Amino acid sequence: MERMERFPPLFLERMRRFLGDEYPLFYQSLSAPPQNGLRVNTLKLSAEAFARISPFTLESGIPWCPSAFLVAAEDRPGKHPFHLAGLYYLQEPSAMAVAESLAPRQGERVLDLAASPGGKTTHLASLMQGEGLLIANEIKEKRLGQLVMNVERWGAPNVIVTNESPERLVSHFGDTFDRVLLDAPCSGEGMFRKDPQAPSYWSEAMIEGCAARQIVLLRLAARLVRPGGWLLYSTCTFAPEENEGVIAQFLEEHPHFTLLPLPRVEGAMGGRPDWLPRPPSASIAAALEGALRLFPHRLPAEGHFLCLLQRKDAPSSAHIPVATPAAALSSLQRRLWQEFAAQVFSPSSRLNESSPLFVWGERLYFSPFPLPPLEGLRHVNRGLWVGSFKKNRFEPSHALALFLRPQEVQQVMDFPAQSAEIAAYLRGEPLPSAGSDGWVLVCVEGWPLGWGKRVQGILKNHYPRHWLRTL
Ligand code: SAM
């Protein structure tokens, strides 16, 4: 009962009003523990391959996300070295419906407008299989670090992380994206079980404030979608004002957008325009039934709202973005890179001495797509950060370690997950290591974790300081 006292009475009253006969089941579900999902990084391995090596009990699949499983929190998958090797992302199951619904295709230009900490970005990156361009934007500078870390861990070469306001992205890119995701900041009612603090911030005034901000963000997001392109709006709240209310207002103002019905998920509800204080027009109300509501009393999930929109009109502006020129390496940089590549990579590496690389400041980058216009935008990376030039040497990045496969490098040290060596490596300690001097890829059961540099039998630890962990 103590658990239930956390929930604001007004929130419960509203849910009783909305859910009617279903309310007792919903109320009961609030006192159950939250559901934990594990989504496999299909850039590295398939869900089936992960199931074969999983150190955790995988309780069941998640019907709306073929690459994911329900896991028991007691198994503590966040603490396992496979997590640091980017084999999976831990995500509440209903959040996994979002990227699946936007369904980006390989080679497209995709924008995740509100991306940190990167749950949906990593999912979109997996679905795109490293092809096309994915821009992951986060407006709040203090939330950038987590996003960058998750993107690097994922090993996706085609993600650019920006730190901009939606307004500036609109004036910079115009309506050029095939798919845009707005995973909007919201009152977070679907996070109440997971985050014990969340209910204490809740109020009806907060819902009103969120809805006012969401419609502004959705209008901006729409201006980034190309004609024929898709826009997915999602929240992790049940409040209809922030869901059907925002979409209804948007559709009234934007007749050139239509709602695309999302594929039904067994147990999910359609949109509920009838829960709004002021019902929309009959045609908008009918369309809203094609949205998706996931509830914790109906599914193994915390709660999400999703709605897919398509832009139907012809282009309104002749906005042709100019690509960022890729700055060539100096002759010293080219020599340092070639020496590094010759010493480190094996013949099967996807990177080699003649890969199309470019520099940005001191950093070396690889981009599998033509760079979009970036000058004048606050951004953190330009594709895969390969490494940095420091005086007369080249140092590989952690992002490169997580992009590579062990067979792509000449020198590997591989240890069992539970070994003392892995624990020491993740604490930032040096390791004894026989072999020739040079860069070594440290792996856990065949999955790269980071770099070490061997000098006279000692592996100097190059695991990034800010990633250090005690398992
Ligand atoms: N998509 C993320 C994921 O799956 O990991 C979660 C995103 S969270 C629901 C909403 C994000 O919107 C937050 O990172 C927040 O910083 C950002 N945000 C807040 N106000 C914003 C604004 N005015 N414009 C753009 N983004 C905003």
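Just so it is clear, none of the values below were taken in a lab; they were calculated from the coordinates. As the structure is a computational prediction, the values presented were derived from the model and not from experiment. Please note: Cβ atoms are built from the backbone with ideal geometry, for glycine as well, and neighbour counts cover all protein chains shown.
Once both labels are modelled 7 Å past Cα along the beta-carbon direction, what's the residue 458-residue 314 spacing in nm?
Distance between label points: 7.1 nm.
Direction-averaged shadow area of the convex hull around the Cα atoms of the chain, nm²? Kindly include the intermediate steps, with their values, before the conclusion.
Details: hull surface 92.1 nm².
The Cα convex hull of the chain, projected and averaged over all directions, gives 23.0 nm².
Alpha carbons only, please: Rg and Dmax for region 1-119, in angstrom.
Cα radius of gyration and Dmax of region 1-119 are 17.6, 51 Å respectively.
For region 332-432, just the Cα atoms, rotate onto the principal axes and tell me the three extents in Å, largest first.
46, 30, 28
Starting from 0.36 nm per residue, how many nanometres of slack lie between residue 72 and residue 266 once their C-alpha separation is accounted for?
Working: separation 194, 0.36 × 194 = 69.84 nm, distance 2.27 nm.
Full extension from residue 72 to residue 266 adds 67.6 nm.
Over 26 Å between C-alpha atoms is what I'm after, so list which of 44/194; 140/460; 120/460; 391/453; 142/460; 140/391 land there. Spell out each step's value before the answer.
On the way: 44/194 28 Å; 140/460 35 Å; 120/460 35 Å; 391/453 18 Å; 142/460 31 Å; 140/391 33 Å.
The answer is 44/194; 140/460; 120/460; 142/460; 140/391.
For region 375-452, what is the convex hull volume of the alpha-carbon atoms per residue, in Å³? Could the numbers behind the result be given before it?
Values: hull volume 10.5 nm³, N = 78.
Given the Cα convex hull of region 375-452, per-residue volume reads 135 Å³.
Would you compute the Debye intensity of region 1-67 from its alpha-carbon atoms alone, equal scatterers and no solvent, and pass along log10 I(q)/I(0) at q = 0.17, 0.24, 0.27 Å⁻¹ to two decimals?
Relative scattering, expressed as log10 I(q)/I(0), comes to -0.74, -1.01, -1.21.
For region 205-264, which chymotrypsin sites (Phe, Trp or Tyr not before Pro) are in a loop by DSSP, counting at most 13 other Cβ atoms within 10 Å? Write down the numbers at each step before the final one.
On the way: sites: 230, 233, 238, 250, 257; in loops: 238.
Filter output for region 205-264: empty list.
Helix 119-128 sits at what angle to the longest principal axis of the chain, using alpha carbons and giving 0 to 90 degrees rounded to 10?
That helix lies at roughly 70 degrees to the long axis.
State, to one decimal in nm², a quarter of the convex hull surface area for the C-alpha atoms of region 88-140, i.e. the direction-averaged projected area.
On the way: hull surface 14.3 nm².
Result: 3.6 nm².
Among residues other than residue 169 whose Cβ falls under 12 Å from its Cβ, what is the net charge (Lys/Arg +1, Asp/Glu -1)? Could you put the intermediate results ahead of the total?
Working: positive: 168, 223, 378; negative: 112, 138, 164, 167, 175.
The answer is -2.
Can you work out the Karplus-derived ³J(HN,Hα) for every residue in region 304-314? Use 6.51 cos²θ - 1.76 cosθ + 1.60 with θ = phi - 60°, whole Hz, and x for glycine or proline.
8, 10, 9, 8, 9, 10, 10, 7, 10, 7, 7
Quick one, can you get me the convex hull of the C-alpha atoms of region 246-288 expressed as volume per residue in Å³?
Working: hull volume 3.2 nm³, N = 43.
Looking at region 246-288, the number lands at 74 Å³ per residue.
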